[in-house]
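All remarks here apply to the structure that follows.
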Number of protein chains: 2
Amino acid sequence: VFGARVTDRNSPIFVLDSGLGGLTVVRAILSQLPGERVVYFGDTARLPYGSKTKETVTAFVRQIINWGSRIRPKCVVIACNTASALALPGIKLEAGTMIMAGVIEPGARAAATAAGTDERATIGVIATEATVRSQAYQNAIRRRRRLVHLLVQPTPLLVPMIEEGRTGDDPVVELALRQYLQPMLARGINTLVLGCTHYPLLTPAIQRIVGPNVKVIDSARKCAHDIARRLDDADLLASCADDSAMQKIDAKRLSIYVTDDPDRFQRLAPRFLGFEVDAPTLVPPEVLYHAIDTRASELRPSA
Amino acid sequence: VFGARVTDRNSPIFVLDSGLGGLTVVRAILSQLPGERVVYFGDTARLPYGSKTKETVTAFVRQIINWGSRIRPKCVVIACNTASALALPGIKLEAGTMIMAGVIEPGARAAATAAGTDERATIGVIATEATVRSQAYQNAIRRRRRLVHLLVQPTPLLVPMIEEGRTGDDPVVELALRQYLQPMLARGINTLVLGCTHYPLLTPAIQRIVGPNVKVIDSARKCAHDIARRLDDADLLASCADDSAMQKIDAKRLSIYVTDDPDRFQRLAPRFLGFEVDAPTLVPPEVLYHAIDTRASELRPSA
């Protein structure tokens, strides 16, 4: 259990991700919620999560939340689709009364609405291998629209392409996107969920390929909406003084921790955030292991 | 220090990698050295290493070698170019008299020879971001051929493409390879080093693109040659009984340990090895952390 609910409305929001992608959620939070401060954790030593198992990703996420619970956040956001899909359902059971948010449910809800009620309505989802295999989007959408047509496509090259600095104008990105999206288009999707927080960086290229009649759902922005609503319900929205510095969407409201290579993170972060950030603080993974025994009690080394 | 030299010639060779790529080295070892047994360790929970820092990769490799030293191998092979580039120089100093091999030096030696002595001889190297940044190939080649022309290109998409199951016939792979290789070809390379143990799976496509006059150097095969020579020098080659079962290149001579997802590893391994393997044994990363304090003594958690 990660501790009881924090009732100080000026405590920060703790956002975690495997790396950079969750910054698209941070950007949406900072722009939608003018008084909030965010502490961000990027697990850059162990990324990506998208090709790994539920057990491993859950152990990683549990360590990070345990570490982050010491800053007494009023809300924990799993800003990674893979981690939301694989780890959030289990972690929620351990979270006590702490407010926990992920990216899957808000994205699924938005997609179910956007697809409309026409009987031919078809939702496409693109995501990592692990997110697809988990069936998390499929289940979350089916809970809301039992009979909607669903097509789900793993798109494992998109994250490495974005991390390499490629944009939607790059011919390799264009070709990979067409390969991934064409079969869905041929089957008539009218809604497409970007089921990974990296993908919003490719929105213009994706929208160009799917055409203007397909609604593209950005799960990062939907997640920020959801957090705003839940903090509001709990009367925990930050008091927003008439302080124009606090209302700017900039680095002053954001502190960043990473498990590897703060320099690379600082260099690439502006592409996700739209503004420069201070150098992140390094928290090597062994610190997380020493802070908590995850599965270790069950497992003894043997050669 | 990982212990003194093992003098039992029938003890196994311990081969480690971030994931699957090192199996190309295993394949070369098993086919070149008929009596040897191999214990393979793939750090699939924390892969890839190619985008991570020297400190992080060195900590991971140190943990794995410490774990592996309990099987008393006669030789430790770092079958990953990134780990060889970033971690091997430091780890060697801690290795005492244990025989340690990597993939960089054998690849660099072969390239320096293959390039020839013509003054226009130009060596190209393709590798991960971290290997390129480390300058390991550049330094290892320059030590042998001070004046040779050198061109080094990070190719971070190739590993995820190979892991997705794409081959050299895939148009996305073809396009990415042309993008990466064209500038080197325009500058007249006559030798190309495949500086990542995954890349030999794309050899036919690479050779097709660079043409028959460019010598393609497979660092995995060169590494196996090097191990054979060094074990021979130390009089540690396995005694090879007239046992045809032992001489077959198959799973009986190989045991595999992974930090995540044994099923996926078992499914993909045959593409790298050319034969089916038994299910790998899971060693979750926390076991490695509990076996050894890496940098933890210097680092205390702070929120």
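Every number here is computed from the coordinates shown, using simple stated rules; none is lab data. This is a predicted model, so every value here is computed, not measured. All Cβ positions, glycine included, derive from the backbone under ideal geometry; neighbour counts span all protein chains shown.
Numbers at a glance
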item: Cα gyration tensor category, rounded, prolate or oblate, for chain A with a/c compared to 1.5; result: rounded
item: Cα convex hull of region B:30-88, projected area averaged across orientations, nm²; result: 4.5 nm²
item: Alpha-carbon Rg with Dmax, taken over region B:48-196, Å; result: 16.5, 50
item: Net charge contributed by nearby residues that have their C-beta within less than 10 Å of A:Ile99 (K/R +1, D/E -1); result: +2
item: Long-range amide H partners of A:Ile256 with built H, under 5 Å; result: A:Tyr40, A:Thr281
item: Rounded, prolate or oblate (a/c below 1.5 giving rounded, otherwise prolate when a/b exceeds b/c) for region A:1-64 by Cα gyration tensor; result: oblate
item: Value of relative contact order over region A:159-238, rounded to a whole percent, pairs C-alpha under 8 Å and six or more apart; result: 30 percent
item: Cut-off under 5 Å, modelled amide H: who pairs with A:Val216 long-range; result: A:Leu192
item: Extension reserve of the A:Asn139-A:Asp118 stretch, reckoned as 0.36 nm per residue once the Cα distance is removed; result: 5.6 nm
item: 7 Å along Cα→Cβ, label-point gaps from B:Arg144 to other copies, nm, shortest first; result: 5.9
item: Options B:Thr97, B:Ala85, B:Thr24, ranked by Cα towards positive dipole end of region B:23-180, top entry (Cβ charges); result: B:Thr97
item: Most mobile listed residue (A:Asn66, A:Asn81, A:Asn190) in chain A, GNM with C-alpha springs under 10 Å; result: A:Asn66
item: Pairwise label distance in nanometres, A:Arg72 with A:Gln179, each label 7 Å out on the Cα-Cβ vector; result: 5.2 nm
item: Sequence of B:Lys92, B:Lys215 once ranked by neighbouring C-beta atoms within 10 Å, starting from the fewest; result: B:Lys92, B:Lys215
item: Average beta carbon contacts from partner chains per residue of A:278-289, 10 Å cutoff; result: 5
item: Distances in nm from A:Gln32 to the matching label points in the other copies, shortest first (labels 7 Å along Cα to Cβ); result: 5.7
item: Positive minus negative residues near A:Leu86 (Lys, Arg vs Asp, Glu; Cβ under 13 Å); result: +1
item: Order of B:Asp250, B:Asp8, A:Asp17, B:Asp170 - criterion: other Cβ atoms within 10 Å of each residue's Cβ, fewest first; result: B:Asp8, B:Asp250, B:Asp170, A:Asp17
item: Degrees, to the nearest 10: A:171-186 long Cα axis against longest axis of chain A; result: 60 degrees
item: Per-pair calculated FRET efficiency, R0 = 41 Å: A:Arg9 and B:His149 via Cβ, rounded to 0.05; result: 0.05
item: Rounded to 10°, Cα long-axis angle of helix A:262-273 versus longest principal axis of chain A; result: 50 degrees
item: C-alpha long axis of helix A:219-233 to longest principal axis of chain A, angle in °; result: 50 degrees
item: Share, in percent, of DSSP beta bridges within region B:1-147 that are antiparallel, nearest 5; result: 0 percent
item: Between region A:95-163 and region B:4-18, the Cα center-to-center distance that results, in Å; result: 47 Å
item: Value of D in µm² per second that Stokes-Einstein yields for the protein assembly as shown, Kirkwood Rh from Cα pairs, at 37 °C (0.692 mPa s); result: 129 µm²/s
item: Chain A, relative contact order [Cα under 8 Å, separation at least 6], %; result: 27 percent
item: Gain on full stretching of the segment that runs from A:Asp169 to A:Ala279 - 0.36 nm per residue minus C-alpha separation; result: 36.7 nm
item: Size of charge dipole - region B:40-152 - debye, nearest 20, with Cβ of Lys, Arg +1 and Asp, Glu -1, no other charges; result: 240 debye
item: Check: chain A dipole with +1 on Lys, Arg Cβ and -1 on Asp, Glu Cβ, in debye; result: 920 debye
item: Protection proxy ranking of A:52-58, A:24-30, A:115-121 - average other beta-carbon atoms within 10 Å, highest first; result: A:24-30, A:52-58, A:115-121
item: Given charges at beta-carbon only (K, R positive; D, E negative), |dipole| of the protein assembly as shown in Debye; result: 300 debye
item: Inter-chain Cβ neighbour average for residues A:261-268, partner chain, 10 Å; result: 2
item: Shortest-first distances to equivalent copies, position A:Leu185, nm, label 7 Å out along Cβ; result: 2.8
item: Within 10 Å of each Cβ in B:44-57, the average number of Cβ atoms from other chains; result: 5
item: Using θ = phi - 60° and Karplus 6.51 cos²θ - 1.76 cosθ + 1.60, couplings along region A:77-86 (whole Hz; Gly, Pro as x); result: 10, 8, 8, 9, 5, 4, 5, 5, 5, 8
item: Cβ-based exposure ranking for B:Cys80, A:Cys223, B:Cys196, B:Cys240, in which fewest neighbours within 10 Å come first; result: B:Cys240, B:Cys196, A:Cys223, B:Cys80
